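Reading through the structure tokens given below for one structure.
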Amino acid sequence: MAKQIDYENLKPEDVEGKEIKIKVLKGAFGGQFHCQKCRIIMKRAHADIDLPDGELTLHMEAYKCPKCGREKLSGEQAEKLDQYLTLIDALKNKAKFRFRRAMNFDGNNWFVRFPNELTQEWKKNIESDIVPLTASDYLIHLHKERA
């Protein structure tokens with residue numbers, strides 16, 4: 001049986017060239033957060049996050065250390081922040097990449113074809129929400145396929 005090592009005292013030589021198995025408990029990222037510096041439980045709070053250009057501030061749920069004031073986002077909140085930043089970049093035409101496609105009209109509706117590179121994992125019967133942002137900008141959200 002493999003020797004269990006206390007992760008807090010882990011050194012590079014303890015793991016170099018070795019297979020490492022990590023067991024993450026169910027709910028490990030949804031429970032209490034501990035401040036790494038003060039080693040105490042962080043309290044649920046709200047954080048104001050200024051976006052890089054300074055034009056917007058996001059007010060998000062976070063966790064704050066009552067002793068040192070350090071703030072952290074949960075995994076779910078960090079994903080939301082990443083989505084907000086991606087959306088803002090897209091709206092400012094700073095998206096990391098884009099696909100340009102012709103719009104088609106069938107006599108009743110407009111439609112656009114998605115590139116195969118984006119749709120390889122799509123299943124039939126997928127549904128989407130189309131959210132108008134401006135007269136020429138739309139957010140398309142794809143839902144998982146229906147059961």
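The values are calculated or read from the model by the stated rules, or taken from the named source; none is laboratory data. In this text, all values refer to a predicted model and were calculated from it rather than measured experimentally. Cβ coordinates were reconstructed from backbone atoms using ideal geometry, including for glycine residues, and neighbour counts include every protein chain displayed.
Given Ala47, Ala95, which one is in contact with an Asp or Glu (Cβ under 7 Å, 6 or more places away or on another chain), assigned to a strand (DSSP E or B) and surrounded by 11 or more Cβ atoms within 10 Å (Cβ to Cβ)?
Result: Ala47 is the single residue among Ala47, Ala95 that is in contact with an Asp or Glu (Cβ under 7 Å, 6 or more places away or on another chain), assigned to a strand (DSSP E or B) and surrounded by 11 or more Cβ atoms within 10 Å (Cβ to Cβ).
Scan Glu71, Glu76 and give me the residue that is under 28 Å from Pro132 (Cβ atoms) and not polar (S, T, N, Q).
One residue alone meets the criteria, Glu76.
For Ile140, only one of the following conditions fails: (1) outside any loop (DSSP other than H, G, I, E, B); (2) at pLDDT below 90; (3) in the same structural domain as Ile40 (by TED's automatic domain parsing). What is its number?
(3)
Yes or no, residue by residue, for (1) touching a strand residue (DSSP E or B) at 6+ places or on another chain (Cβ under 7 Å); (2) acidic (Asp, Glu); (3) touching a residue at least 60 places away in the same chain (Cβ under 8 Å); (4) closer than 30 Å to Asp6 by Cα:
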residue	(1), (2), (3), (4)
His34	yes, no, no, yes
Arg39	no, no, no, yes
Ala45	yes, no, no, no
Cys68	no, no, no, yes
Glu71	yes, yes, no, yes
Asp89	no, yes, no, no
Ala102	no, no, no, no
Trp110	yes, no, no, no
Leu133	yes, no, no, no
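I'm trying to understand the selection: among the residues of the stretch 130-143, which are exposed (fewer than 10 other Cβ atoms within 10 Å of the Cβ) and either farther than 24 Å from Ile88 by Cα or of a type in the set (Asp, Glu) (or both)?
Of everything in the stretch 130-143, nothing turns out to be exposed (fewer than 10 other Cβ atoms within 10 Å of the Cβ) and either farther than 24 Å from Ile88 by Cα or of a type in the set (Asp, Glu) (or both).
Output the residue which, of all residues in the stretch 11-37 that are at pLDDT 80 or above and hydrophobic (A, V, I, L, M, F, W, C), is nearest to Lys67 (Cα to Cα).
Per the stated criteria, the residue is Cys35.
For the stretch 38-68, give me each residue that is modelled with pLDDT of 90 or more, farther than 27 Å from Thr86 by Cα and of a type in the set (D, E, K, R).
Lys43, Lys67
Taking the condition closer than 30 Å to Asp53 by Cα, assigned by TED's automatic domain parsing to the domain that holds Asp53 and either in a loop (DSSP other than H, G, I, E, B) or under 23 Å from the mean Cα position of the chain (by Cα) (or both), does Thr86 pass?
In short, yes.
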